[in-house]
Amino acid sequence: MKTLKKIGKIAAPLVLVGIFALTTGVALAANAWGPPDQPTNVPNNLASAILNVTNWILGFIGLIAVLIIIWGGVLYLTAAGNEDQTATAKKTISWGIMGLVIAGLAYAIVYVIYTVWLG
């Protein structure tokens, strides 16, 4: 009985992956005879490409800032009344918030420049 449970735990995901692979092939076959569709997210000029790269970089910076805020929260929760660690945690959270604000302002500036001058 235990071996059947082990086989079931292994076989069930494999069957689901197989079914998914078969259904996506069938769904994609509907357009097999026509001309290929153009991707919709390809930038059509240099300004759009620069905007896309800037958005990725600022998104990454925002993610790092959020992770720093979370790390500061973990430090604050684990301080257990230690004044030095609490001060360090508060400083870490402050730096994370400042990074998030700076990333947001940078995004706003880039977006305004793109829409006003280049868009």
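No value in this document is a laboratory result; all are computed from the given coordinates. Keep in mind that what you see is a predicted model, and the values were worked out from it rather than measured. Reconstructed Cβ throughout: ideal geometry from the backbone, glycine too, with neighbour counts over all protein chains shown.
Of all residues in the stretch 96-112, how many are under 15 Å from I68 (Cβ atoms) and surrounded by 14 or more Cβ atoms within 10 Å (Cβ to Cβ)?
First, pick out the residues of the stretch 96-112 that are under 15 Å from I68 (Cβ atoms): 96-104.
Of the ones still in play, those that are also surrounded by 14 or more Cβ atoms within 10 Å (Cβ to Cβ) are 96-97, 99-100, 102-104.
Qualifying residue count, the stretch 96-112: 7.
When you go through T115, T86 one by one, which is the residue that is in a helix (DSSP H, G or I) and more than 29 Å from N55 (Cβ to Cβ)? Write out each step before concluding.
On the way: T115 fails: more than 29 Å from N55 (Cβ to Cβ).
Result: T86 is the single residue among T115, T86 that is in a helix (DSSP H, G or I) and more than 29 Å from N55 (Cβ to Cβ).
Please go through the stretch 67-83 and pick out each residue that is assigned to a helix (DSSP H, G or I) and surrounded by fewer than 15 Cβ atoms within 10 Å (Cβ to Cβ). So that I can check it myself, show each step before the final result.
Filtering the stretch 67-83 down to residues assigned to a helix (DSSP H, G or I) leaves 67-77, 83.
Residues satisfying the conditions are L67, I70, W71, G73, V74, L77, E83.
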